[in-house]
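Visitor: Before I ask anything, here is the structure I am working with.
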Amino acid sequence: MDEAELKEKIIQAIKMVYDPEIPVDVYELGLIYDIKIFPINNVYIQMTLTSPACPSAGTIPGEVEQEVRKIEGVNDVQVELTFDPPYSQDMMSEVAKLELGFM
């Protein structure tokens, strides 16, 4: 499996994780800032939450990590949480904006 194929599988895995307060997955919400794949399929994901006070702060990054770890061939997963830049609704995909009625 090449890097592009693995990255697509990672994105599909991340799309299994939803913010419990919003019926849209964290990828479409724009919460994933970066996905890097290092040698031997070590995956690094930088993400944020809709707010630092998000009640799901303790669970969403762990869920993202669990889903990505399920992918065959992934060696290790590191999820880093950041609030820089702060999240805004502009980061949502068109899919998310349509789903939430912003378009």
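Laboratory data are not the source of any read-out in this text; all were calculated from the coordinates shown. Since the model is a prediction, treat every value here as computed from it, not as a measurement. When we count neighbours, we look across all protein chains shown, and the Cβ atoms used for this are built from the backbone with ideal geometry, even at glycine.
Visitor: Could you give every pair whose Cβ atoms fall below 8 Å, whose first residue belongs to the range 29-40 and is in contact (Cβ under 8 Å) with a residue 12 or more places away in the chain and closer than 18 Å to Thr82 by Cβ, and whose second residue is in a loop (DSSP other than H, G, I, E, B) and of a type in the set (A, V, I, L, M), counting only separations of at least 6 or pairs across chains?
Guide: From the range 29-40, the pairs are Leu29/Ile22; Leu29/Met92; Gly30/Met92; Leu31/Leu49; Ile32/Val26.
Visitor: Let me ask something else. For the range 1-49, which positions are at positive phi and among the small types (Gly, Ala, Ser)?
Guide: Once the filter is applied, which keeps residues that are at positive phi and among the small types (Gly, Ala, Ser), the range 1-49 yields only Gly30.
Visitor: Quick one: in the range 39-54, which of the residues that are part of a strand (DSSP E or B) and of a type in the set (A, V, I, L, M) is nearest to Arg69 (Cα to Cα)?
Guide: Among residues in the range 39-54 that are part of a strand (DSSP E or B) and of a type in the set (A, V, I, L, M), the one nearest to Arg69 (Cα to Cα) is Val43.
Visitor: Suppose the filter is of a type outside the set (S, T, N, Q), assigned to a loop (DSSP other than H, G, I, E, B) and without any contact (Cβ under 8 Å) to a residue 24 or more places away in the chain; does Met16 pass it?
Guide: So Met16 does not fit the description; no.
Visitor: Of everything in the range 7-39, what is more than 27 Å from Glu99 (Cβ to Cβ) and touching a strand residue (DSSP E or B) at 6+ places or on another chain (Cβ under 8 Å)? Give them in sequence order.
Guide: Passing the criteria: Lys36, Ile37, Phe38.
Visitor: Related question: So if I check each of Ala57, Ala4, which one is hydrophobic (A, V, I, L, M, F, W, C), assigned to a loop (DSSP other than H, G, I, E, B) and either touching a strand residue (DSSP E or B) at 6+ places or on another chain (Cβ under 8 Å) or loosely packed, with under 11 Cβ neighbours inside 10 Å (or both)?
Guide: Ala57
Visitor: Right, here's the next one. One residue is enough: does the range 73-91 have a residue meeting the conditions in a helix (DSSP H, G or I), among the aliphatic types (A, V, I, L, M), touching a residue at least 60 places away in the same chain (Cβ under 8 Å) and surrounded by 12 or more Cβ atoms within 10 Å (Cβ to Cβ)?
Guide: The answer is yes; a qualifying residue exists.
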